[in-house]
Amino acid sequence: MTIAIKPTSLPASDDRDPGGLARLDFALRGGATRLVRSETRPPLGVMRTLYLDDALPNMAFTFLINPTAGILEGDQQQIEITVRAGAQAHVTTQAATKLFTMPAGTARQTVRLKVEEGGALEYLPDETIPFRGACFEAHTEIEVHTEAVAVVGDVLAAGRSAMGENFAYRNLRYRVTAARPDGIPLFHDAFELAPDRSSPAHRGVLSEHAAVGTLLLIGGAAQAEAMLEPVRAALDRLPARSGVSRLPARSGLVVKLLGRDTGEVRGALFA
């Protein structure tokens with residue numbers, strides 16, 4: 001991980017792209033968070049909002065859905081989520097994201113998350129499972145106001161373990177950047193896994209582990225310091241291998257997790 005690259009501002013959406021689209025905008029209306037804009041293009045869709053947490057009555061929960069049950073060769077998906085001032089939203093998926101076999105081409109997914117002053121976003125999709133021969137690129141851009149909170153998680157499986165397909169995909173490329181609205185960088189992480197060139201099962205990469213997770217907790221300085229020790233204590237009690245680091249300018253924390261399977265990593269992530 002390097003933290004020295006200043007990401008560009010979030011580019012405007014290109015509506016000429018024929019790929020799947022989910023553009024969601026959450027805002028306060030009548031004292032509660034509402035999904036005030038929902039623009040989708042197949043195969044992506046979105047369920048209606050729910051209010052599932054009695055401790056957070058203002059938080060709207062919704063699920064991104066994909067009726068094709070996965071990502072296919074040539075797919076181009078774009079997910080944009082904006083949380084306006086004072087709103088609170090939790091966005092997840094209805095199931096694990098499956099990367100199907102791609103004999104020759106590549107699939108791509110771009111996620112843009114923006115949280116305005118006083119807002120809070122939890123973006124916690126289910127795990128991604130690459131099938132044999134999958135080739136996938138994912139880029140996530142996060143913009144968080146200094147007086148806002150973003151919790152962003154990701155779990156990546158080594159493959160369909162029950163089918164003997166661990167590290168049988170062709171190539172996976174991931175890039176995540178986080179910044180303040182004025183462009184001050186907070187986090188940059190990029191990696192590529194290409195089992196046909198170098199097995200990720202080597203020591204120093206994933207070793208014997210079959211799942212890797214990342215959790216970003218971005219907030220203000222006081223929140224970041226308050227979270228550090230409780231997060232460390234929680235990780236010490238869990239079976240997954242883990243590490244936690246501060247983000248620059250006391251803006252939050254990043255947690256990395258390695259586990260025997262996605263269940264172990266997801267359990268650690270939510271704990």
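The values are calculated or read from the model by the stated rules, or taken from the named source; none is laboratory data. This structure is a prediction, so every number in the text was calculated from the model and none was measured. For neighbour counting, all protein chains shown are included, and Cβ atoms are generated from backbone atoms with ideal geometry for every residue, glycine included. Please note that ligands, DNA and RNA were not included when accessible areas were found on the heavy atoms of the full protein model with its side chains. Shrake-Rupley method; radii C 1.70, N 1.55, O 1.52, S 1.80 Å.
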> Where residues in segment 23-47 are in a loop (DSSP other than H, G, I, E, B) and touching a strand residue (DSSP E or B) at 6+ places or on another chain (Cβ under 7 Å), which of them is most open to solvent (accessible area, probe 1.4 Å)?
Replying inline: P42
> Of the residues that make up segment 93-113, is at least one crowded, with 20+ Cβ neighbours inside 10 Å, in contact (Cβ under 8 Å) with a residue 40 or more places away in the chain and among the charged types (D, E, K, R)?
Replying inline: no
>> Return the residues of segment 177-190 that are exposed (fewer than 15 other Cβ atoms within 10 Å of the Cβ) and in contact with a strand residue (DSSP E or B) (Cβ under 8 Å, 6 or more places away or on another chain); say none if nothing qualifies.
In response: A190
> What are the residues in segment 54-74 that are surrounded by 19 or more Cβ atoms within 10 Å (Cβ to Cβ) and within 17 Å of R112 (Cα to Cα), if any?
Replying inline: T62, L64
> Does segment 191-203 contain any residue that is assigned to a strand (DSSP E or B), open to solvent by less than 40 Å² (accessible area, probe 1.4 Å) and of a type outside the set (A, V, I, L, M)?
Replying inline: no
>> For the list (1) open to solvent by 20 Å² or more (accessible area, probe 1.4 Å); (2) closer than 15 Å to V255 by Cα; (3) modelled with pLDDT of 95 or more, I need the number of the one condition that Y174 fails.
In response: (2)
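Among the listed residues V244, V265, V155, V255, which satisfies the condition of being open to solvent by 10 Å² or more (accessible area, probe 1.4 Å) and under 28 Å from L113 (Cα atoms)?
When all the criteria are applied, what remains is V244.
Out of all the residues in segment 80-120, which are among the small types (G, A, S) and part of a loop (DSSP other than H, G, I, E, B)? Please lay out each step first, then the result.
The initial filter retains those residues of segment 80-120 that are among the small types (G, A, S), namely 85-87, 89, 95-96, 104-105, 107, 118-120.
Of everything in segment 80-120, those that are among the small types (G, A, S) and part of a loop (DSSP other than H, G, I, E, B) turn out to be A85, G86, A87, A95, A96, A104, G105, G118, G119.
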